[in-house]
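A short write-up of the structure that comes next.
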Amino acid sequence: MAKKTEAPAAETADAKPEKPKKPKKEAAAAEPVAAAPVEAPAAEATAAAAPAAAPADSGAKKKGRAGYPPRRGKKLRNLLKQQTEKLAKEGTVTVARAVSLLKSMKRSKFDETVEIHMHLGIDATQSDQLVRGTVSLPHGIGKQVRVIVFCQGENIAKAKAAGADHAGAEELIDKIQKEGWTEFDVALATQDLMGKVSRLGKVLGPRGLMPTPKAGTVIPMTTDVAQSVKEFKAGKVEYRSDKSGCVHSRVGKMSFEEKSLVENVQVFLEQIKAVRPASIKGHYILSASLSATQSPGIRIVV
């Protein structure tokens, strides 16, 4: 009986060491399973953070580009600094001296446009103080001006003979009204056709192309159509004061001779002085400057 009881005890003793092995294997197998959930949130957090950072970076780049010119090179910065210092020493100069300085500061390869900018002592909110009109520059502006004329009868042939790009009545009005065609720089109209041309106010008005008597683009019945076309083709420019009381206009090209540029500027200055509103008290022309497309402004004596 003793032997029979010892056999099960031995078997039990032999089986005891095997029991702890099972938990060890299970624990070892469970370790990677337990580690996986810990890594998953980290990966998810990284993936979630990546898309959020991308739009921020792209937005920052766009914000940096919009409205900011590219950085100027050292050579250009030094050149502009020298020009600014030179003009500061010159101060306010005569028109002839200003033209000479512009010529000496030319640095671009293309033919720059010469412009005049004037600050007037007017109240732009008062209709009787607005400065507007046209002036014929003796040497033109150095640009081919596209002119169309709203006219009828014999005036069509006269306008085309004088150099008008297009001339007509109903067919020209319909082309602009229906197709939105505005491939021209100046629009003239005879006085007898203004009733029909007024329909184009919504198309031509916002673009500054609507014929008006104040701008000299409405041809009276007593005026020769051919003469008006020739004046605008030769370089008759329109000027108008803006909301801040300033007047800006082209007066020629850099390729012009100095004498021609001086005469154009002087004619423009005299025209602005001649149209001084009667209601203005005190100083009329506060300041004036001459500049080119890629040059600083030069203050001139008026």
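The values are calculated or read from the model by the stated rules, or taken from the named source; none is laboratory data. The model shown is predicted, which means the values in this text are computed figures rather than measured ones. Methodologically, a virtual Cβ is constructed for each residue, glycine included, from the backbone with ideal geometry; neighbour enumeration extends over all protein chains shown.
Take Leu286 and tell me if it is hydrophobic (A, V, I, L, M, F, W, C), in a strand (DSSP E or B) and modelled with pLDDT of 90 or more.
Against the criterion (hydrophobic (A, V, I, L, M, F, W, C), in a strand (DSSP E or B) and modelled with pLDDT of 90 or more), Leu286 qualifies.
For segment 279-298: of the residues being touching a helix residue (DSSP H, G or I) at 6+ places or on another chain (Cβ under 8 Å) and not polar (S, T, N, Q), which is farthest from Leu76 (Cα to Cα)?
Ile280
Condition first: farther than 11 Å from Val225 by Cβ, buried (at least 18 other Cβ atoms within 10 Å of the Cβ) and of a type in the set (D, E, K, R). Now tell me which residues in segment 135-168 satisfy that.
The answer is Asp165, and nothing else.
When residues of segment 244-259 are filtered for being touching a residue at least 40 places away in the same chain (Cβ under 8 Å), surrounded by fewer than 18 Cβ atoms within 10 Å (Cβ to Cβ) and not in a strand (DSSP E or B), how many remain?
3
Residue by residue, here is whether (1) more than 29 Å from Thr113 (Cβ to Cβ); (2) charged (D, E, K, R); (3) over 28 Å from the mean Cα position of the chain (by Cα) holds:
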| site | (1), (2), (3) |
| --- | --- |
| Asp165 | no, yes, no |
| Trp181 | no, no, no |
| Gln191 | yes, no, yes |
| Pro206 | no, no, no |
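Checking the structure you have, find out if any residue of segment 73-82 is assigned to a helix (DSSP H, G or I), within 25 Å of Gln266 (Cβ to Cβ), of a type outside the set (Ser, Thr, Tyr) and outside the structural domain of Ser260 (by TED's automatic domain parsing).
no
Within segment 97-112, track down each residue that is under 16 Å from Ile141 (Cβ atoms) and crowded, with 17+ Cβ neighbours inside 10 Å.
If the condition is that a residue be under 16 Å from Ile141 (Cβ atoms) and crowded, with 17+ Cβ neighbours inside 10 Å, then Val99, Leu102, Glu112 are the ones that fit.
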